[in-house]
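Trainee: Right, I'll just put the structure down here and ask away after.
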Amino acid sequence: MNPAHLHLMVTHLPVLGSLFGLLLLLLALLKGDYDLKRISFWVFVLAGLAAIPTYLTGRPASKLLMKMMPGMSMDAGDQHAEIAVIALTAACLLGVVSLAGLLAFRKPKRAPTWFTALALVLALVTTATMTWTASLGGNIRHPEIHSE
């Protein structure tokens, strides 16, 4: 397994994790389900942790790609790397906020509305930046997904 393969494998965890956590949180809010909200916070913690190795495997993958394809333009890779920093920051911030919520608001004490709203906004931002980062990453080596 090479660095690019490793990066592509771990990349799906924070992207899908943030989306899954967001959907769980929305469902928890619709149903008023305290336990489902806590599960969504755990998913955010895990997605934040998964974002770290995903980010750290990006540079070795990029170096391997440049070595394998010396004439290739790295504009898409540079854009991907810049947005990845924002996605990593958002995922880690959401993970820390979610962990703080899990520790501070245990039964019978429930998270206040402002805290849940904060988590929801961070989840939306994280999911959006993760999706954007993944899309930019796909543009590096997948010309078939580019618009004509």
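Trainee: Considering every residue within region 88-95, establish whether at least one is modelled with pLDDT of 95 or more, within 14 Å of ARG38 (Cα to Cα) and buried (at least 17 other Cβ atoms within 10 Å of the Cβ).
Mentor: Yes, the conditions are met somewhere in region 88-95.
Trainee: Going by the conditions given, is THR127 exposed (fewer than 13 other Cβ atoms within 10 Å of the Cβ) and within 28 Å of GLY32 (Cβ to Cβ)?
Mentor: No: the conditions fail for THR127.
Trainee: What do you reckon, is SER18 assigned to a helix (DSSP H, G or I), polar (S, T, N, Q), over 14 Å from GLY137 (Cβ atoms) and touching a helix residue (DSSP H, G or I) at 6+ places or on another chain (Cβ under 6 Å)?
Mentor: yes
Trainee: I need a count of the residues in region 1-38 that are crowded, with 16+ Cβ neighbours inside 10 Å and in contact with an Asp or Glu (Cβ under 9 Å, 6 or more places away or on another chain).
Mentor: Adding up the residues that qualify gives 1.
Trainee: Between a first residue in region 1-21 that is of a type in the set (Phe, Trp, Tyr) and a second residue that is crowded, with 16+ Cβ neighbours inside 10 Å, which pairs have beta carbons less than 9 Å apart while being 6 or more apart in sequence or on different chains?
Mentor: Pairs found: PHE20/SER40; PHE20/VAL43; PHE20/ALA47.
Trainee: Looking at ALA76, ALA50, can you tell me which residue is surrounded by 15 or more Cβ atoms within 10 Å (Cβ to Cβ), within 19 Å of THR131 (Cβ to Cβ) and modelled with pLDDT under 90?
Mentor: The conditions single out ALA76.
Trainee: If you scan region 84-126, which residues turn out to be part of a loop (DSSP other than H, G, I, E, B) and free of Cβ contacts under 8 Å to residues at least 24 places away in the same chain?
Mentor: Across region 84-126, the qualifying residues are PHE105, ARG106, PRO108, LYS109, PRO112.
The values are calculated or read from the model by the stated rules, or taken from the named source; none is laboratory data. Note that the coordinates shown come from a computational prediction; the quantities given were computed from them, not determined experimentally. All Cβ positions, even for glycine, are placed from backbone atoms using ideal geometry, and neighbour counts span all protein chains on display.
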